[in-house]
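> Here it is, the structure in full.
The values are calculated or read from the model by the stated rules, or taken from the named source; none is laboratory data. Because the structure is predicted, anything quoted here is derived from the model rather than measured. Here the Cβ is made from the backbone with ideal geometry for all residues, glycine too, and neighbour counts use every protein chain on show.
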């Protein structure tokens, strides 16, 4: 899979051989969308529902944005609940309520990270409608956030946010499997907001709000000790040279964050949602090992004294929340 992803973003010639399959994907997706958008098949929640998604596969920054939005809504007095597919999860049944102490095997790392950071009700189910109905039955939230789900058209939505990776854009511009696109970029004209993760290196077809992921702390995986990136991080570690591990959609973003903190890194890239073993995070030296928080969800059982994860927080301009609350106020 990594070879295919690299081909999408490096515009490899051989991947163009898959374009006939992209035409099939486009036909199937269009048919599915029309079928799901039939008013008799769509489910409209009584609660305002915000979908955060993208038009490409792979990581664009949806999860940090979901966490940011949930926390901001909580500060404004809302009680958000969150639904997610739960990628990689193996729960005993669906729908499944993820708690902060749920195992990553049952919850999947992204849903578990959301539950721990927001303390919100988090329900996972590949069927978003089923997850929303389950969340509504809990009767302890007044707004719903769907982590991903832009292409889950059977679920009606009140507000739609698309996230773009400012570094990688739309890759080679082809639909799956010849390229990374789930839908064509003109789909962005139909959403309420487009958020660009980082400054864009490309000309985008719509206006965007820029989100920056700011490194805030290093967290020790054995004792949960926090070290501030700005004040203590370089002085507290045994050496500035570290092993850097990333099993996410765009590992280069994580590696760049570590470099901006002053680290000299030895990079180790894994596929997105990689299931780690102890051998993956153990090296024949005394250097510290730093990974993403998402990866740390899967390594806590066999981490050692040298293991840390980098905690990041989304930063967005004030206009982002204003646009959402103005729409939500229609429901209050």
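> Do you know which of the residues in the range 239-272 that are surrounded by fewer than 18 Cβ atoms within 10 Å (Cβ to Cβ) and in contact (Cβ under 8 Å) with a residue 60 or more places away in the chain is farthest from residue 60 (Cα to Cα)?
Only one residue fits best here, namely 269.
> Please determine whether any residue of the range 4-19 is in the same structural domain as residue 197 (by TED's automatic domain parsing), in contact with a strand residue (DSSP E or B) (Cβ under 8 Å, 6 or more places away or on another chain) and surrounded by 13 or more Cβ atoms within 10 Å (Cβ to Cβ).
no
> For the range 197-211, which residues satisfy the criterion of being assigned to a strand (DSSP E or B) and either over 18 Å from the mean Cα position of the chain (by Cα) or more than 16 Å from residue 66 (Cβ to Cβ) (or both)? Quick ask: steps written out before the conclusion?
Of the range 197-211, the ones assigned to a strand (DSSP E or B) are 197, 209-211.
Within the range 197-211, 210 is the sole residue that qualifies.
> OK, next. Is there a residue in the range 28-42 that is buried (at least 17 other Cβ atoms within 10 Å of the Cβ), over 18 Å from residue 126 (Cα atoms) and in the same structural domain as residue 136 (by TED's automatic domain parsing)?
no
> I need the full set of residues from the range 150-168 which are in a loop (DSSP other than H, G, I, E, B) and under 14 Å from residue 211 (Cα atoms), in order please. Please lay out each step first, then the result.
Step one: of the range 150-168, the residues in a loop (DSSP other than H, G, I, E, B) are 150-154, 156-158, 166-168.
Across the range 150-168, the qualifying residues are 166, 167.
> Restricting to the range 273-292, name every residue that is buried (at least 21 other Cβ atoms within 10 Å of the Cβ) and part of a helix (DSSP H, G or I).
Within the range 273-292, 281 is the sole residue that qualifies.
Residue-wise test of (1) within 23 Å of residue 319 (Cβ to Cβ); (2) part of a strand (DSSP E or B); (3) within 14 Å of the chain's Cα centre (by Cα).
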| residue | (1), (2), (3) |
| --- | --- |
| 67 | yes, no, yes |
| 71 | yes, no, no |
| 89 | no, no, no |
| 94 | no, no, no |
| 132 | no, no, no |
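> Follow-up. Going by what's in this entry, would residue 53 be described as surrounded by 15 or more Cβ atoms within 10 Å (Cβ to Cβ) and either closer than 17 Å to residue 155 by Cα or over 26 Å from the mean Cα position of the chain (by Cα) (or both)?
Details: surrounded by 15 or more Cβ atoms within 10 Å (Cβ to Cβ): yes; either closer than 17 Å to residue 155 by Cα or over 26 Å from the mean Cα position of the chain (by Cα) (or both): yes.
Criteria met by residue 53.
> If you go through the range 1-44 one residue at a time, how many are in a helix (DSSP H, G or I) and at positive phi?
Taking the range 1-44 first, the residues in a helix (DSSP H, G or I) are 2-10, 14-36.
The next check asks that each one be at positive phi; those that pass are none.
The qualifying residues number 0.
> Determine, yes or no, whether residue 101 is free of Cβ contacts under 8 Å to residues at least 40 places away in the same chain, over 18 Å from residue 47 (Cβ atoms) and touching a helix residue (DSSP H, G or I) at 6+ places or on another chain (Cβ under 8 Å).
On the way: free of Cβ contacts under 8 Å to residues at least 40 places away in the same chain: yes; over 18 Å from residue 47 (Cβ atoms): yes; touching a helix residue (DSSP H, G or I) at 6+ places or on another chain (Cβ under 8 Å): no.
When the stated conditions are applied, residue 101 does not pass them.
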